[in-house]
Structure formats: structure tokens, C-alpha cells
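Peer 1: Dumping the structure here so I can ask a few things about it.
Bear in mind these aren't lab numbers, they're just calculated from the coordinates by the rules spelled out. As the structure is a prediction and not an experimental result, all values here were calculated from the model. In this analysis, Cβ positions are derived from the backbone assuming ideal geometry, glycine residues included, and neighbour counts consider all displayed protein chains.
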Amino acid sequence: MNKTIDIANRYKKIIDWETFFNIVYQLGDKCNGRKDRFDKADIFEQAIEICSNNKLKWIDGIGRDHRDIEYELDIEFKYQNQCMFYKNLKKKNVVKIKIKNSLGKTKNKTIENPADYYMFSQENAVGIISYKEMESYLNIVGDGLSTEIPHDKITIIVPPHKINIFNNIKCIDYKAKKREMQRQFIMSIKQN
């Protein structure tokens, strides 16, 4: 029995993927700037926690983003547009995603204390692979590690599909709200 398939089936059932993909859609490219990418990661990672009804707890740790409370597993979450499938929904032969930044020269192809599973998401699909399954497909890329995983080694949780976009007029402009909050913080300290 393939444990990765069991985990993929679990996450397919316990995560509200349509809401998650709508969050991805609503944020769009608003946080693609170099100063905003950490915000984008935080939003998507928290969305997984919320869309799983807290079954995948956002722990925001080093090399792990979520903890599957019931199964006691650590998950590293990676998002990249069209990382597994092209826009026309055709699968890519190889999945290339940067897995680790070392902030310096990387010397070996293993991850010390890796997560149990690595979940890959793009704008309309999600897949998963265990560290053991992924390990032989890691490559050193200057300041980190990247994957070159044959597509058929990834277990697909949600195949690529057309997203049912919710017409949400209450969706806030994240960047405008962030700037407003920053100014409120500054003004709360500024002496008159």
C-alpha cells in the first residue's frame, strides 16, 4: 500500500480546495513583488489551515509549514504558478520547484530534518510527495536545493481544473489594507 496515496486522499477530502483556489485567484499577482513574497506564502499557508478546519495546523517552522495533527506528520508547502501543469492543463514532464534556500553556498543534496511530505500547489492543482520519494530528485542550485521530479512521481491531490470563482465583492485589497495598517502603527507611536 502506498502511504502517499492515502495521505493525498485524506487531504482531498479534508481541505476545501475550491475556497483555497479562490483565495489564490483573489490575491492574484498582488504579492509577486520581492518584498511581498513572504506575505503571499503566509496567506496561502494560513489558507490551508483554515480550509482544512485546522486539521493541518500552520506551524510556520523551518522546513515545515503545517502539522497534520491527527496523523502527526509535518508538511512543507510550496506554491508556484504552473509548476506541475501548463495553462492548457497538460502535465509538465518534470516538476521543478525550489525547496530550500540556504542563504549561502549549498554543499550537499540532502535536507537535514526534512518534513514528512512536500505539498506542491499551483493556481488550479495540488500534488504531494514524501521526502523519501523526492530525495533522489534534489539538485544543488547555488544558494539552495531545487527539484527535478518526473511528473508521474507526484501524487495528485487535485488535478488541474477550471476554478469556480466566487463573486466576492467583500474581498479586501490586501496590499492597500497592509499599507493602511503600517501607517496606523506608525501614527500610533508618532509624538504630536
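Peer 1: Taking the Cβ of residue 13 as the center, what net charge do the other residues with Cβ under 15 Å away carry, scoring Lys and Arg +1 and Asp and Glu -1?
Peer 2: Details: positive: 10, 12, 55; negative: 6, 16, 18, 68, 70.
The answer is -2.
Peer 1: Given the peptides 146-156, 168-178, arrange them by the average over their residues of other C-beta atoms within 10 Å, most packed first. Show your work: numbers first, answer last.
Peer 2: Details: 146-156: 16.9, 168-178: 10.9.
Top to bottom by mean Cβ count within 10 Å: 146-156, 168-178.
Peer 1: Where the only charges are on Cβ atoms (+1 Lys, Arg; -1 Asp, Glu), what is the dipole of the range 3-166 about its Cα centre, to the nearest 20 debye? Numbers along the way, then the final one.
Peer 2: On the way: 27 positive and 24 negative charges, 133 e Å.
So the dipole magnitude of the range 3-166 works out to roughly 640 debye.
Peer 1: Taking Cα centroids, how far is the range 119-192 from the range 1-64 in Å?
Peer 2: So the separation of the two Cα centres works out to 7 Å.
Peer 1: May I have the pair-distance distribution P(r) for the range 3-166, computed from all Cα-Cα distances with 5 Å bins from 0 and rounded to whole percent?
Peer 2: 1, 9, 18, 23, 23, 17, 8, 2, 0, 0
Peer 1: Among 182, 46, 26, which one moves the most in a GNM of the chain with springs linking Cα atoms closer than 10 Å?
Peer 2: 182
Peer 1: If amide H atoms are built 1.01 Å from N in the plane of the peptide, which residues on other chains or at least 5 residues away come under 5 Å of the amide H of residue 100?
Peer 2: 145
Peer 1: Which lysines, if any, have their Cα less than 19 Å from the Cα of residue 177, not counting same-chain residues under 8 positions apart?
Peer 2: Straight-distance partners of residue 177: 30, 35, 40.
Peer 1: Something else: Starting at the first residue of the range 64-71, write each ³J(HN,Hα) from the Karplus equation 6.51 cos²θ - 1.76 cosθ + 1.60 with θ = phi - 60°, in whole Hz, x for Gly and Pro.
Peer 2: 7, 10, 10, 10, 6, 4, 5, 8
Peer 1: Grab the other residues whose beta carbon is less than 9 angstrom from that of residue 131, score K and R as +1, D and E as -1, and report the net.
Peer 2: Working: positive: 132; negative: 76, 116, 133, 135.
Every neighbour counted, the sum reads -3.
Peer 1: Given Cα pairs under 8 Å that are at least 6 residues apart, what percent is the relative contact order of the chain? Present the calculation step by step, with values, prior to reporting the outcome.
Peer 2: On the way: 291 pairs, mean separation 40.7, N = 192.
Reported relative contact order: 21 percent.
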